[in-house]
1. How many residues does region B:117-145 contain that are touching a Gly at 6+ places or on another chain (Cβ under 9 Å) and part of a helix (DSSP H, G or I)?
2. So, in region B:149-174, how many residues would count as being open to solvent by less than 40 Å² (accessible area, probe 1.4 Å) and more than 14 Å from chain A (Cβ to nearest Cβ)?
3. May I ask you to list the residues in region A:239-258 that are farther than 17 Å from A:Gly205 by Cβ and without any contact (Cβ under 8 Å) to a residue 60 or more places away in the chain?
4. I'm checking my understanding of the structure. Among residues of region A:147-190 that are of a type in the set (Ser, Thr, Tyr) and surrounded by 16 or more Cβ atoms within 10 Å (Cβ to Cβ), which one is farthest from B:Lys100 (Cα to Cα)?
5. Tally time: how many residues in region B:101-115 are crowded, with 20+ Cβ neighbours inside 10 Å and within 9 Å of another protein chain (Cβ to nearest Cβ)?
6. From B:Ala32, B:Ala88, B:Ala82, which residue is among the aliphatic types (A, V, I, L, M), farther than 30 Å from A:Glu167 by Cα, more than 14 Å from every other protein chain (Cβ to nearest Cβ) and crowded, with 23+ Cβ neighbours inside 10 Å?
7. From the set of residues in region A:232-272 that are in a strand (DSSP E or B) and within 14 Å of chain B (Cβ to nearest Cβ), which is most open to solvent (accessible area, probe 1.4 Å)?
8. Quick one: in region B:139-148, which of the residues that are within 14 Å of another protein chain (Cβ to nearest Cβ) and not aliphatic (A, V, I, L, M) is surrounded by the most Cβ atoms within 10 Å (Cβ to Cβ)?
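The values are calculated or read from the model by the stated rules, or taken from the named source; none is laboratory data. None of these values were measured; they are calculated from a predicted model. A quick note on method: Cβ atoms are made from the backbone with ideal geometry, for glycine too, and the neighbour counts reach across all protein chains shown. To get the accessible areas, we keep the full protein, side chains included, count just its heavy atoms, and leave off ligands, DNA and RNA. Shrake-Rupley method; radii C 1.70, N 1.55, O 1.52, S 1.80 Å.
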Amino acid sequence: MAGGGAARYVPAPMLRQAGAVRALLYALVTLFAAGWAVTVQAQAVGERHLALDLVPETTAPRAGTRVTLALAGVPAKGWHAYWQNGGDAGVETRLDWTLPAGVTAGALRYPVPGRLLIAGLMNYVYEGPFALFVDLDVPAGLAPGTRLPVRVRADYLVCTEEVCVPEKATLATELTVGDGAVTPATRARFDAWRAAFPKPLGSVGTFQLANGRFRLGVPFPATADGPGADAYFYPLTQNAIDYAAPQRATRDGDRLVVETKAATAAQPPASVEGVLALGPGRGFTVRAAAGAVPPASQVPEGDGIARPAMLAFAGAVLGGLLLNVMPCVFPILSLKALSLAKGGGSSEAAARREALAYAAGVVLVCLALGALLLVLRAGGSAAGWAFQLQDPRAIAALLVLVVAIALNLAGLFEVLTPAWAGRSGSAGAFATGALAAFVATPCSGPFMGAALGAALVLPAAAALAVFGGLGLGIALPFLALGFVPALRRRLPRPGPWLATARAVLSVPMFLTALALAWVLARQAGADGVVLGLGAALAAGLGLWWAGRRQAGGRGGAWWPAAAGAALALAAVLPVRPEARAAAGAVATAGNEPFTEARLAALRGENRPVFAYFTADWCLTCKVNEKAAIETRAVSDAFRAGGVRVLVGDWTDGDPAMGRFIEAHNRAGVPLYLWYAPGREPRVLPQLLTPAMLAALPKEPNG
Amino acid sequence: MKPIAIAAAVLVPALMLAAPPVAAQQATGRPAGDFRLFDANGRAVTLSQFRGQPVVLEWNNPGCPYVRKHYDSGNMQRTQGAARAMGAVWLTINSSAPGKQGHMTGSEATAFVRSAKAQPTAYLLDPAGRVGRGYAAKTTPHIYVVDARGVLRYQGAIDDRPTADQADIKGARNYALAALTDLKAGRAVSVAESRPYGCSVKYAG
């Protein structure tokens, strides 16, 4: 065992071979291995799977202040370290400090973790670089230059999906009492780490355990940006939820409701604490008391996966149905239908069997395509890509794709069926169905493209449902033919009407493109929408040219399209979200965004200043703004008193502002500061009234 | 080409859809779910056959450092001996899937029990993880104590020191023995649930 050395179980393949030899070998291995035979020393002791580093924010803290130390961890590839609550398994990190007299260490703080579901067991982990924080209090009265050696022994667990290794690391650093200066490089590192820490939400939530369900209601302003459905509650409290059960988060007016399966514990908790994550590395610390939590009243857009998945599924079935009239699928279908019509007289049952086998073939191939795509997507997100519709580049790319689809439907160019797909053969209806789906793939690019787009943004189950629906749609006419003999005689024959039908279908596609352009305009402004439309134009011109070359029967018809696509890509990449005005949330004219420089300048001019710090996700802040700050009485009083108002918007967790807030002994917003000329700032209560604010400028000495 | 395509068409979605079943927890104070498993010698063992005696279930994965903490120190063997001396049945269960850490065949399990000088009543093999998931066994070790009437009285950790350090065994409160002592004295089990600690059970999937 050797103090958590890197012992690792390696299944020895030779042991898996037959009978008596195995027993003998087993005994031999038993003799040679220290401990038992099943474990083999695979790495040198001392080789760690988590690189840990102890980094002080300043090596020269002032006496009587607090200095933050980071335990910066980098797990080896494929390994993960654990959050404070490891989930179904895992162990909390323990620290054992050796500190100079008078220096005290606070509690270990953790950034927002991630989730790793392994074989049905949930793990709350860090799979990439992360930093844990500990605050050290340096006692007052120490002379500058006093050396403060700091030593810590960390016991932690690192695991792969297969093995776990408890490791120990002893880390040391030396602080020297000084001026508290922070180097810019260290500041930047800490700012980046700090961004991943949960921010205090400020308002208390409510939770309810009933009928095996856990429901958490958290005050969260309806106006705040941010996804509802991606929210996830990481509990610190044991016995609250079933960790591995899926969670459903819903925005419901001024609250966010998270619902999941309750833990089946004999003793439910009296209060619940945890981290509400709104996305990777972004979250809030939440505390909730027991109480009644009504379920989310309506199912708003973006709720869970149920509704979008249903819509996408219905759309996919419809799309699959339409695929049947595509010029390259229809011949196969009619061929198959004709063979059915021929043999159908002899056995109705055989026709049905064939129809079902065909349907199975189509659906399974579509699911396989979807699965492949999901695997690619998983690889992509592991590489750090995020497929989010919030990203205007994703919208711009979708815009280009949809325009290309519409142009294809309109007949500007053709996506040719490869020659090999024409062979249908007699390998049974299942194979024909599989073939039909394969054949449909290239020539039905349009609808596949739409399904692909959906699969990139939907959760895995919903994405698979889309592909399954697509397959079902393709199979539907054939199923109908198999089960309703009368239909077989009424089958329309391929002809020019197909081309017309296809061209008509381009209209909804163009309308979709229009809708996307609108979304893009909202997200990225005029510049973004011009870039997006320019990209669509470049792609369109390339495809048009390719279509002309196709029509002329020339080889290499595709290179203009490739050039157009490259140009379109180049145009899409620089699309950026339009910068929001920093003080956009504030209606009152005359307010300025908060900066420490501006505050110092106004103080230098001997002006009274009211500075307040708010965030879109802070309900208390919004209530105070509506009920007190933005009232006529207060704005009149401030104007009369020459009060300047500075607004700090901490929605995105700006680190510099975070330090300023912390300097006033607050972990987060709201924070209200009143600066009377020439006097120390006063921290106002967290609940404001108009009378209290209006009275500020009139105070004596005010 | 075609058979491969068909096989892929069938297999890929089947694998994608074959999500592991959601763990069904056993409620403390309710009858423990009965099960039937083969032991290391190929004999079938059921939980209900031990009705009339308290039964301790221990989830095991000999490759897990937390399991090794308790076996290398002899703590688990001592606990097994003490439990059996109190008239209890001790069933060690291995739910590691084939190819995963800790998976063993019957003869490997027998060799492990012998070399570790372990004293379970039986070492049960659950490579499909059926019983493990049925009990929502999450870690190795994970301990369950069932009373003589078949009611689940304790589930959770082996003791109150969630570390991999052998030094922490001394002075730890052994929850399995504490529960058996309470049962023997006719008392309610004082700590009926705790958070299990250790490596995650290496289930299939």
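1. Looking only at that region, the number is 3.
2. 3
3. Going residue by residue through region A:239-258, those that are farther than 17 Å from A:Gly205 by Cβ are A:239, A:242-246.
Within region A:239-258, A:Asn239, A:Asp242, A:Ala245, A:Pro246 meet the criteria.
4. Quick first cut of region A:147-190, residues of a type in the set (Ser, Thr, Tyr) only: A:156, A:160, A:170, A:173, A:176, A:183, A:186.
Those left that are additionally surrounded by 16 or more Cβ atoms within 10 Å (Cβ to Cβ): A:156, A:160, A:186.
Values: A:Tyr156: 23, A:Thr160: 12, A:Thr186: 42 Å.
Applying the filter and picking the extreme gives A:Thr186.
5. Summing the residues that are crowded, with 20+ Cβ neighbours inside 10 Å and within 9 Å of another protein chain (Cβ to nearest Cβ) in region B:101-115 gives 7.
6. Working: B:Ala32 fails: more than 14 Å from every other protein chain (Cβ to nearest Cβ); B:Ala82 fails: crowded, with 23+ Cβ neighbours inside 10 Å.
Unique residue meeting the criteria: B:Ala88.
7. Within region A:232-272, the first condition is being in a strand (DSSP E or B), and the residues that meet it are A:232-235, A:241, A:248-252, A:255-262, A:271-272.
Pick out the ones that are also within 14 Å of chain B (Cβ to nearest Cβ) and you get A:235, A:241, A:260-262.
Values: A:Pro235: 0, A:Ile241: 6, A:Thr260: 1, A:Lys261: 72, A:Ala262: 10 Å².
That would be A:Lys261.
8. Top of the filtered list is B:Thr140.
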